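The values are calculated or read from the model by the stated rules, or taken from the named source; none is laboratory data. All figures in this text were calculated on a predicted structure; none of them were measured in a lab. So basically every Cβ, Gly included, is an ideal-geometry build from the backbone, and we count neighbours across all protein chains shown.
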């Protein structure tokens, strides 16, 4: 099994690291039955993948065994964190029956953390994500590891995240504070609930300093700059 280097891609700013640790603590206290967590958002570029990677790494650094599964078969950006890799075998290869379930699972340079990349683009992502092979893979990881973090497409754009609800124990919604309306967030929440998805909470991302004074401590977590003295926002990517 090849080792993927991601350590130098993780957040290093103190306030961001602390926000991720707070999120990690809330995840751990969500209950022993919450092991498979779906990360979704309203729109692309809300910061979902950045937060998924940092949350998975933080859980691993606390001693938990974790798999980060890139479930965005339409517009994956996780592979960009490690650069191009000609031999990457991903989730789409397994779901299409091209490889075995253990082949897309890569070790990382963070002990206890494994990654499955999305793989090649496919014409039927929703069908594959709702397939029995997807269920089998998630259940196998659930039985072997402490946590499985599934980075799903933004549910404000496509329905894929809700399709996976039968294998997801709870969802975290990443909301870009600068580019989402209350109406859109409610629509995303309703879509997940319609699919019987359990919502664990919300991460309010890209929060300005002034907004932090109101939001801090009232959400599941945020990615803002605690104590920052300007009105500029954070710029965590997708």
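Helices (runs of 4 or more DSSP H) wholly in the range 143-232 with at least 3 residues that are crowded, with 19+ Cβ neighbours inside 10 Å and either modelled with pLDDT under 95 or in contact with a strand residue (DSSP E or B) (Cβ under 9 Å, 6 or more places away or on another chain) (or both) - which ones? Working first, answer last.
Details: elements: 160-163, 182-194, 209-215.
Qualifying helices (runs of 4 or more DSSP H): 160-163.
Results for (1) modelled with pLDDT of 95 or more; (2) assigned to a helix (DSSP H, G or I); (3) in contact with a strand residue (DSSP E or B) (Cβ under 8 Å, 6 or more places away or on another chain); (4) surrounded by fewer than 14 Cβ atoms within 10 Å (Cβ to Cβ), shown as yes or no for each residue.
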| position | (1), (2), (3), (4) |
| --- | --- |
| 16 | no, yes, no, no |
| 19 | no, yes, yes, no |
| 23 | yes, yes, yes, no |
| 56 | yes, yes, yes, no |
| 80 | no, yes, no, yes |
| 87 | no, no, no, yes |
| 100 | no, no, no, yes |
| 103 | no, no, no, no |
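Taking each residue of the range 22-35 that is on the phi > 0 side of the Ramachandran plot and looking for partners that are modelled with pLDDT of 95 or more with beta-carbon atoms closer than 9 Å, six or more apart or interchain, yields 31/169; 31/170. Restricting 140, 126, 136 to those that are part of a helix (DSSP H, G or I), within 18 Å of the chain's Cα centre (by Cα) and either farther than 19 Å from residue 35 by Cα or in contact (Cβ under 8 Å) with a residue 24 or more places away in the chain (or both) reduces the list to 126.
Select, from 30, 12, 45, the only residue that is in a loop (DSSP other than H, G, I, E, B), more than 12 Å from the chain's Cα centre (by Cα), more than 20 Å from residue 165 (Cβ to Cβ) and modelled with pLDDT of 90 or more. Show your work before the answer.
Details: 30 fails: more than 20 Å from residue 165 (Cβ to Cβ); 45 fails: modelled with pLDDT of 90 or more.
Residue meeting the stated conditions: 12.
When residue 68 is tested against (1) in a helix (DSSP H, G or I); (2) in contact with a strand residue (DSSP E or B) (Cβ under 8 Å, 6 or more places away or on another chain), just one condition goes unmet, and that condition is (1). The single condition among (1) in contact with a helix residue (DSSP H, G or I) (Cβ under 9 Å, 6 or more places away or on another chain); (2) closer than 22 Å to residue 154 by Cβ that residue 26 does not meet is (1).
Checked across the range 115-125, the condition of being surrounded by fewer than 19 Cβ atoms within 10 Å (Cβ to Cβ) and under 30 Å from residue 182 (Cα atoms) holds for no residue.
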